[in-house]
1. Putting +1 on Lys and Arg Cβ atoms and -1 on Asp and Glu Cβ atoms, find which of 99, 32, 113 reaches farthest to the positive end of the dipole of the chain.
2. HN-Hα J couplings of the range 128-140 from phi, Karplus 6.51/-1.76/1.60, θ = phi - 60°, integer Hz, Gly and Pro as x?
3. How long is the gain from residue 163 to residue 94 if the chain were fully straight, where each residue apart is worth 0.36 nm and the alpha carbon distance is subtracted?
4. Assuming 0.36 nm per residue, please report the length gained on full extension of the stretch residue 183 to residue 153 beyond their Cα-Cα distance.
5. Calculate the spin-label point distance for residue 38 paired with residue 175, positioning each point 7 Å from the Cα along the beta-carbon direction, and give it in nanometres.
6. How large is Rg over Rh for the range 31-184, taking Rg from the Cα atoms and Rh as the Kirkwood inverse mean of 1/r across Cα pairs?
7. Trypsin sites (Lys or Arg not before Pro), restricted to the range 55-116: which are DSSP loop and have at most 12 other Cβ atoms within 10 Å?
8. Just want to confirm a number: the relative contact order over the chain, from Cα pairs under 8 angstrom separated by 6+ residues, in percent.
Amino acid sequence: MPGTHRSEPHISRHPFGRVPVLEHDGFMLYETQAILRYLDRLLPAPPLTPAGPRAAGRMDQVMNINDWYLFQGVCNVIAFERVIKPRLLQQPADEANVAQALPKGRTVFAELSRLLDGNPYFAGKSVSLADLLVAPQMDFLALTPEWKALSADTPNLVGWLDRINERASMKATTWDRIAQLAAA
């Protein structure tokens with residue numbers, strides 16, 4: 001339920017009052033990267049962490065870019081102002097916040113495009129945890145008017161998002177699909 005993550009019972013699952021949280025067979029885990037890595041170790045093939053050290057290093061790098069640069073200061077600002085505020089809070093966007101986030105967004109998009117290079121996925125030829133972590137942020141940003149400006153110089157990133165969005169897991173977790181589940 002929106003707005004309840006900073007009170008009990010959620011705060012006992014995540015002392016910082018954030019999401020996500022995973023409970024599996026009595027084992028509680030929070031923080032997105034920890035949950036993704038746990039699930040990758042737990043679930044059957046194919047692995048989502050590359051075996052090679054360079055590909056795994058690239059995956060780790062992109063995951064950190066997501067956490068520290070794409071989400072912090074770009075997606076948590078632009079998507080919040082353009083998607084969350086109007087749809088969930090019925091409030092208008094703060095245009096100054098959006099404008100302030102755009103330069104960082106351009107830097108992040110340029111770097112992710114550079115790291116993707118000519119590969120189909122961030123760690124090479126196969127989907128990795130990095131792709132699955134970055135995709136929802138990019139998908140959120142694609143719902144905003146700023147997407148056109150942010151993605152204009154990164155066609156490989158746009159193509160990557162199109163490929164990722166063809167995955168069944170992405171189709172099952174679109175903004176509209178989550179809204180339907182939440183309303184049920």
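1. Positive-most Cα among the choices belongs to 113.
2. Values per residue, Gly and Pro as x: 10, 4, 4, 4, 6, 7, 6, 3, x, 5, 5, 5, 4 Hz.
3. On the way: separation 69, 0.36 × 69 = 24.84 nm, distance 3.19 nm.
Contour length minus Cα-Cα distance gives 21.7 nm.
4. Values: separation 30, 0.36 × 30 = 10.80 nm, distance 3.73 nm.
That works out to 7.1 nm of additional length.
5. Each label point lies 7 Å from its Cα, and together they span 2.9 nm.
6. Details: Rg = 15.7 Å, Rh = 16.2 Å.
With Rg and the Kirkwood Rh in hand, the quotient comes to 0.97.
7. Values: sites: 58, 82, 87, 104, 106, 114; in loops: none.
In loop regions of the range 55-116 (DSSP not H, G, I, E or B), there are no sparsely surrounded trypsin sites (Lys or Arg not before Pro).
8. Numbers: 161 pairs, mean separation 33.9, N = 184.
In percent, rounded to a whole number, it is 18.
Each reported figure results from applying straightforward, stated rules to the coordinates on display, with no laboratory input. Every value quoted in this text rests on a predicted model; they were computed, and no experiment measured them. When we count neighbours, we look across all protein chains shown, and the Cβ atoms used for this are built from the backbone with ideal geometry, even at glycine.
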